[in-house]
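Before any comments, here is the structure.
Read-outs: derived from the displayed coordinates by stated rules, not from any lab. Please read these numbers as outputs of a predicted model, since none were measured by experiment. Cβ atoms come from the backbone with ideal geometry, glycine included; neighbour counts cover every protein chain shown.
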Amino acid sequence: MRPAGRHPYPPLFSSRRKEMIETPVPGHGLHERFLRGLALSPGRAAIRVDDEILTYEAMHELALRRAGALRALAPEGPHTVAVLADKSLTAYVGILAALYAGATIVPLNPRFPAERTRRMLTAAGVSTVIADPIGRAALAETERDDLPVLDEAATAPPLDAPVAVRPSDIAYVLFTSGSTGRPKGVPMTHGANDHYFSLLDGRYDFGPGDVFCQNVGLNFDCAMFELFCAWGRGAPVHAIPPAAHRDLPGFLAERRMTVWFSTPSGTSFIRRMGGLTPGAMPTLRWSFFAGEALLCDDAAAWQAAAPNSRIENLYGPTELTVTITGHRWSPDTSPSRAVNGVVPIGAVHPGHDHLLLDGDTESATEGELCVTGPQMTPGYLDPADNEGRFLERDGRRWYRTGDRVRRLDDGELAYLGRLDTQVQIQGFRVELAEVDHVVRRCAGVQNAATVTRPAPGGGLELVLYYTGDRVHPVALRRELSAHLPEPMVPKVFRHVAEFPLNANHKVDRGLLAREAAAMSEGRP
């Protein structure tokens, strides 16, 4: 076994990254946030899944054993480890174990279609898989029999200590929707996460006495916020079961939960279940929303239900390490600064520069948000995906978010919407072009145009217009469900003889979207 302090694995992008001259630096690895929690709360709970609890000490020892097993399973080093599991102890310990082993983690949803999972495994160059029973079944459907799966009962010698990493080594890879019909892999470095969580440490007063939710999917970058904010302060994380949303106030009271995180659309179901009555969630100290636009009405309703909580509206694409701005909700001032009823997204994080582009011209007030700084990804796994997403300007590389924003008088930003056809459905980033691409492959379909309309409970839903043969909606939904995650499957299917065209002879998606919205409102 190599000494624990040396980095044994070749980094991703080694042919084009300067960090080959770097040496491992203690304190910069994402896993070291867990070590801080271990020092603060060794005998207290680190993770709870239903009634199963692991203390910081127990989880640390288990992660060291499984990290040793990973090293034994791949003697040359598990370069990239997929965690294909539901919210289970296998998943949480697996994430930590892979980081302890110095590997790059790829959290994957075992309930995604097999074809999509197979593409992500291949794109990320996964060499080893950590899976619970649901994940093992999902892996079998991908027919990737060549990938070894970690045996949790393996008896390989544990690591003496986690492997030290370079700030520019890749901590994890997450996948977003891609316009070419394949997901885009986004690698994020340990250094980017170190900068991010250091800023959060200064902004929030989390401590060992807090109780964090783990609410979003593990393949969603916001899960990193939930886990490593908690673990960096020695606090416990509780996995939220779906049934808890039916009586969220009761669940939060039972667990004495103090920190909540969800997408804004998640409030709609909670409201329908009667969970947003005034004073219903008194234990919450912090409530975070991210992944899509937060409406002032929803923020106000949540504040009334959680009167002791401070509410933060966070914004940021995966390519900028979870979130890059934050606005603290104030019932007195936030509504007057909102645009179209949407809570402002706040100021860009310290240490970064940003500019607003109106076409190719920099604007002082409104335009596409472009950001450069330490939280930016080094680039997509497939360099072809970089085209159009990055900008070379003033001798620096900027990430183009594709989001239109307006600069407010105090320097904070207001969110105006997407420049392109990328949308947020239940917190999931969806390229409408990808949905169209998959629909066109369905039997009988000639062409497709997917648009959005307001969903009954808030947020957005997809409406599909297609040409060609008329196909029964049940058959279309069944075929699409085999290739797309549930948030990307349209809710409504409309057959048309031909698409309307605008003055530029392009499909008039705006007209289709207005028609779709009118249908939901019962208008002709």
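Out of (1) 22.9, 71; (2) 23.3, 78; (3) 29.8, 127, which label holds the value of Rg and Dmax of the Cα atoms in Å that was computed here? Among (1) 22.9, 71; (2) 23.3, 78; (3) 29.8, 127, the one derived from this structure is (1). Projecting label points 7 angstrom from Cα along Cα→Cβ for residue 363 and residue 50 puts them 5.2 nm apart. Each Lys or Arg adds one and each Asp or Glu subtracts one; over the other residues with Cβ under 13 Å from the Cβ of residue 426, this totals -1.
The angle separating the long axis of helix 56-73 from the principal Cα axis of greatest extent in the chain is about 90 degrees. Protection proxy ranking, highest mean first, for peptides 360-371, 439-450: 439-450, 360-371, where packing is the per-residue count of other beta-carbon atoms within 10 Å, averaged.
In order along the range 400-410, the phi-based Karplus estimate (6.51 cos²θ - 1.76 cosθ + 1.60, θ = phi - 60°) of 3J(HN,Hα) comes to 8, 6, x, 9, 8, 9, 10, 7, 7, 4, 8 Hz; Gly and Pro are listed as x.
Mind ranking 201-208, 398-405 by how tightly packed they are, going by the mean number of other C-beta atoms within 10 angstrom, highest first?
Highest-to-lowest ranking by the protection proxy: 398-405, 201-208.
Only helices enter the 222 nm calculation for the chain: every DSSP H run of n ≥ 4 contributes -39,500 (n - 2.57), and dividing by all residues gives -8000 deg cm²/dmol, rounded to 500. Each peptide among 124-130, 50-56 gets the average number of other Cβ atoms lying within 10 Å of its residues, and from highest to lowest they stand as 124-130, 50-56. The charge dipole of the chain, taken about the Cα centre with unit charges on the Cβ atoms of Lys, Arg (+1) and Asp, Glu (-1), comes to about 360 debye, rounded to the nearest 20.
DSSP assigns beta bridges within the range 422-520; of those with both partners inside it, close to 80 percent run antiparallel. Distance between the 7 Å Cα→Cβ label points at residue 419 and residue 137: 4.4 nm.
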